[in-house]
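The values are calculated or read from the model by the stated rules, or taken from the named source; none is laboratory data. These numbers come from a predicted model, not from an experiment. Every residue, glycine as well, gets a Cβ built from its backbone with ideal geometry; the counts of neighbours run over all protein chains shown.
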Amino acid sequence: MPETMLCGVTLKNPVIAASGTFGFGAEYGRLFDVSKLGAICTKGLTLHPREGNPGMRVWETPAGMMNSIGLQNPGIPAFLEHELPRMRTMGTAIIANVGGGDLEEYVEGVRLLSEAESIDIIELNISCPNVHEGGMAFGIKANVAAGVVAAVRRVCRKPLMVKLSPNAENIADMAVACERAGADAVSLVNAFNALAIDIHARKPVFDNVTAGLSGPAIKPIALRMVWEAAHAVRIPVVGIGGITTWQDAVEFLMAGATAVQVGTATFVKPTAMLDIVDGLERYCAAEPLTRL
């Protein structure tokens, strides 16, 4: 598979481990050679440590999974001290995903991450459906998202990629607003806000009531949104949503994505991304990859 250029960063291939599904890479590094991936996107990071949401956190659906993790993470200072040095040895690009409860937390978190030389790209998460403040609240209205991106851009010395919510009022307008505010790329989509009910307990499965839906069920909708965003902006678009096979990845690349992120598939098969890399390599060797 040919190298992929994303925001001036050279990736070995366009397959990226999605945030929140790969930890910081250490666990999967015991199962396969993660240096074969284009990049690893970290677990969502916040300025201060978070314990995450109480109660049920993961729920299987017929065509995917729901999660309500709640951005559990050690906090950015602890990540920089303990996790990032280990990630440096993995032989692949590092994308730091950052969230926050308010604008000030986003800005300070990005400022700290920008000072780390080995971080290649910062992914600004304005789309998490599993937190009560920040997160998705910033990712619905284009003008609100643009304000967050502009504030972060002033302190960010790294390439800045903004992760968009499928719950945005208009995904193309959202992508354009982020581009105009200073984003170097956009990634989409994050999980869909969804509901599961325990019919025996007669209550929602999750303490937060709703949770994020991911996996094959969302792929056709995510693909449509990537196509809309890619045709609205000039910056790179990274496709996310239900990618489980190399054929899925080809569809996203044809729809206009520069690279793809794979998440839920690794819960089913930990080496799924390697299969996708191999399949893309065979496909590109046999026929040209063209965009729609």
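Listed here are the residues, each with its yes/no results for (1) under 25 Å from residue 191 (Cα atoms); (2) buried (at least 21 other Cβ atoms within 10 Å of the Cβ); (3) touching a helix residue (DSSP H, G or I) at 6+ places or on another chain (Cβ under 7 Å).
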position: 59; (1), (2), (3): yes, no, no
position: 67; (1), (2), (3): yes, yes, no
position: 72; (1), (2), (3): yes, no, no
position: 81; (1), (2), (3): no, no, no
position: 85; (1), (2), (3): no, no, no
position: 98; (1), (2), (3): yes, yes, yes
position: 101; (1), (2), (3): yes, no, no
position: 110; (1), (2), (3): yes, yes, yes
position: 114; (1), (2), (3): no, no, no
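Pairs meeting the criteria (first residue in the stretch 217-228 and at pLDDT 95 or above, second residue β-branched (Val, Ile, Thr) and part of a helix (DSSP H, G or I), beta carbons under 6 Å, at least 6 apart or on different chains) are 225/171; 228/171.
Highlighted here are the strands (runs of 3 or more DSSP E) found entirely within the stretch 46-108 that include at least 3 residues which are farther than 23 Å from residue 16 by Cβ and more than 18 Å from the chain's Cα centre (by Cα): 58-61. Of all residues in the stretch 22-56, those that are of a type in the set (Ser, Thr, Tyr) and surrounded by fewer than 19 Cβ atoms within 10 Å (Cβ to Cβ) total 1. Of all residues in the stretch 217-231, those being more than 15 Å from the chain's Cα centre (by Cα) and hydrophobic (A, V, I, L, M, F, W, C) number 5. Looking at the stretch 116-133, which of the residues that are among the acidic types (Asp, Glu) and either over 22 Å from residue 54 (Cα atoms) or at pLDDT 95 or above (or both) is surrounded by the most Cβ atoms within 10 Å (Cβ to Cβ)? In this case the residue turns out to be 123.
Of the helices (runs of 4 or more DSSP H) lying entirely inside the stretch 204-292, those carrying at least 3 residues that are touching a Leu at 6+ places or on another chain (Cβ under 7 Å) are 219-230, 246-254.
Please count how many residues of the stretch 216-254 are under 20 Å from residue 278 (Cα atoms) and among the small types (Gly, Ala, Ser). Residues meeting the conditions: 4. Only residues in the stretch 154-171 that are assigned to a loop (DSSP other than H, G, I, E, B) count as the first member; pair them with residues that are surrounded by fewer than 21 Cβ atoms within 10 Å (Cβ to Cβ) and among the hydroxyl-bearing types (Ser, Thr, Tyr), Cβ under 8 angstrom, at least 6 apart or cross-chain, and list the lot. Partner pairs satisfying both residue conditions: 155/114; 156/114; 157/114; 158/114. Of a type outside the set (A, V, I, L, M), surrounded by 16 or more Cβ atoms within 10 Å (Cβ to Cβ), in contact with a Pro (Cβ under 9 Å, 6 or more places away or on another chain) and at pLDDT 95 or above - does that describe any residue in the stretch 134-143? No, because not a single residue in the stretch 134-143 is of a type outside the set (A, V, I, L, M), surrounded by 16 or more Cβ atoms within 10 Å (Cβ to Cβ), in contact with a Pro (Cβ under 9 Å, 6 or more places away or on another chain) and at pLDDT 95 or above. Among the residues of the stretch 172-203, those identified as part of a loop (DSSP other than H, G, I, E, B), crowded, with 23+ Cβ neighbours inside 10 Å and in contact with a Lys or Arg (Cβ under 8 Å, 6 or more places away or on another chain) are 183, 190. How do the pairs read when you match residues in the stretch 10-27 that are closer than 26 Å to residue 284 by Cα and in a loop (DSSP other than H, G, I, E, B) with residues anywhere that are among the aliphatic types (A, V, I, L, M) and at pLDDT below 95, using Cβ under 6 Å and keeping only pairs 6 or more apart or on different chains? Here the result reads 13/1, each pair linking the stretch 10-27 to a residue that is among the aliphatic types (A, V, I, L, M) and at pLDDT below 95.
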